[in-house]
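Student: Would you mind keeping the following structure in view while I ask a few things?
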Amino acid sequence: MPSRIIPKNYRNVTGVAAHKKAVGKAMFESTLERDFLSLLEFDSDVESFEVQPIRIDWIDDEGKNRSYTPDGLIHYRKKNRPPRLFEVKYRNELAEKWQTLKPKFRAAIRFAKQEGWRFKLVTDKEIRTSYLDSVKFLLPYVRQGPSDEAHVDLLIEKLKILDVTTPALLIQNIFQDQWNQAMLIPSMWYLVGTKQIGCNLNQKLTMSSKIWILN
């Protein structure tokens with residue numbers, strides 16, 4: 001359960017994302033947070049994440065009680081990789097409010113160190129990339145799953161033979177008619193999204209993208 005309730009926000013977009021890796025509700029207070037949660041959902045190294053799971057209390061330089069709630073906590077699959085507290089911010093907001101935010105981030109760093117965690121500040125520069133566009137395109141196919149298990153086998157076996165090709169050429173080498181070719185497309189993007197078929201996700205995904213089989 002979040003450490004604080006996320007209010008309705010008339011400046012940014014607020015809501016709840018449907019993510020399987022989320023522990024509790026995957027709530028967000030901005031489209032930037034929403035996009036970062038999508039990246040976490042897609043990341044195979046991430047086991048789970050929590051939104052605003054803790055509140056950090058500290059005393060400032062003037063002796064006043066302060067509190068700060070980081071945006072979330074990431075748990076990784078590899079046990080030797082420590083959990084990571086994170087805060088998502090636009091770069092222009094950081095520049096405008098740095099003097100106010102800096103003590104909060106210092107408190108988060110201290111708290112994370114005590115817990116054996118790490119603290120990470122994530123901005124729109126790291127989030128809003130071509131990779132994010134690919135993730136947003138692929139996630140619906142990953143959630144839906146393959147349209148037909150037989151299609152998965154056909155695609156993988158044919159790609160092993162072709163080695164390196166494009167989505168368009170791959171489906172054309174399996175079926176001649178456009179109807180059956182179209183039936184293969186959801187399963188093909190599912191395989192890309194689940195990293196069974198390789199593709200450069202830092203470039204826009206099209207039917208002309210280069211693809212290859214992943215072992």
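Student: Could you tell me which numbered condition THR165 fails, if it satisfies all but one of (1) within 25 Å of GLU41 (Cα to Cα); (2) out of contact with any Cys (no Cβ under 9 Å at 6 or more places or on another chain); (3) modelled with pLDDT of 95 or more?
Tutor: Failed condition: (1).
Student: What are the residues in region 155-183 that are more than 13 Å from MET207 (Cβ to Cβ), surrounded by 12 or more Cβ atoms within 10 Å (Cβ to Cβ) and among the β-branched types (Val, Ile, Thr), if any?
Tutor: ILE156, ILE174
Student: Also, I was wondering about something else. Collect the residues in region 172-190 that are among the small types (Gly, Ala, Ser) and within 18 Å of LEU162 (Cα to Cα), keeping them in residue-number order.
Tutor: Answer for region 172-190, where residues must be among the small types (Gly, Ala, Ser) and within 18 Å of LEU162 (Cα to Cα): just SER187.
Student: Additional query: Would you confirm whether or not region 196-214 contains a residue that is assigned to a helix (DSSP H, G or I) and either surrounded by 13 or more Cβ atoms within 10 Å (Cβ to Cβ) or outside the structural domain of SER38 (by TED's automatic domain parsing) (or both)?
Tutor: No - not one qualifying residue is present in region 196-214.
Conditions (1) over 17 Å from ILE197 (Cβ atoms); (2) aliphatic (A, V, I, L, M), marked per residue:
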residue	(1), (2)
ARG128	yes, no
LEU138	no, yes
TYR141	no, no
LEU170	no, yes
ILE174	no, yes
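Student: Let me ask another. Could you list all residues from region 24-68 that are touching a helix residue (DSSP H, G or I) at 6+ places or on another chain (Cβ under 7 Å) and in a loop (DSSP other than H, G, I, E, B)?
Tutor: If the condition is that a residue be touching a helix residue (DSSP H, G or I) at 6+ places or on another chain (Cβ under 7 Å) and in a loop (DSSP other than H, G, I, E, B), then ASP60 is the only one that fits.
Student: If VAL192 passes every condition in (1) closer than 25 Å to ASP43 by Cα; (2) out of contact with any helix residue (DSSP H, G or I) (no Cβ under 8 Å at 6 or more places or on another chain) but one, which one does it miss?
Tutor: Every condition holds for VAL192 apart from (2).
Student: Let me ask something additional. Is it the case that some residue within region 112-129 is over 24 Å from THR69 (Cβ atoms) and either under 13 Å from the mean Cα position of the chain (by Cα) or among the acidic types (Asp, Glu) (or both)?
Tutor: Taking every residue of region 112-129 in turn, at least one turns out to be over 24 Å from THR69 (Cβ atoms) and either under 13 Å from the mean Cα position of the chain (by Cα) or among the acidic types (Asp, Glu) (or both).
Student: Can you give me the number of residues within region 76-98 that are of a type in the set (S, T, N, Q) and modelled with pLDDT of 95 or more?
Tutor: Filtering region 76-98 for residues of a type in the set (S, T, N, Q) gives 80, 92.
In the following step, the residues that additionally are modelled with pLDDT of 95 or more were identified as 92.
So the answer is 1.
Student: Something else about it: Would you mind finding the one in ARG91, ARG118, ARG84 that is buried (at least 18 other Cβ atoms within 10 Å of the Cβ), under 30 Å from ASP60 (Cα atoms) and basic (Lys, Arg)?
Tutor: Matching residue, one of ARG91, ARG118, ARG84: ARG84.
Student: Follow-up question, since we're still on this one. What number of residues in region 16-67 are within 12 Å of the chain's Cα centre (by Cα) and not hydrophobic (A, V, I, L, M, F, W, C)?
Tutor: 13
Student: Only residues that are within 22 Å of THR206 (Cβ to Cβ) and polar (S, T, N, Q): list them for region 107-146, please.
Tutor: Correct list: THR129, SER130, SER134, GLN144.
The values are calculated or read from the model by the stated rules, or taken from the named source; none is laboratory data. Please read all numbers here as calculations on a predicted model, not as lab measurements. Here the Cβ is made from the backbone with ideal geometry for all residues, glycine too, and neighbour counts use every protein chain on show.
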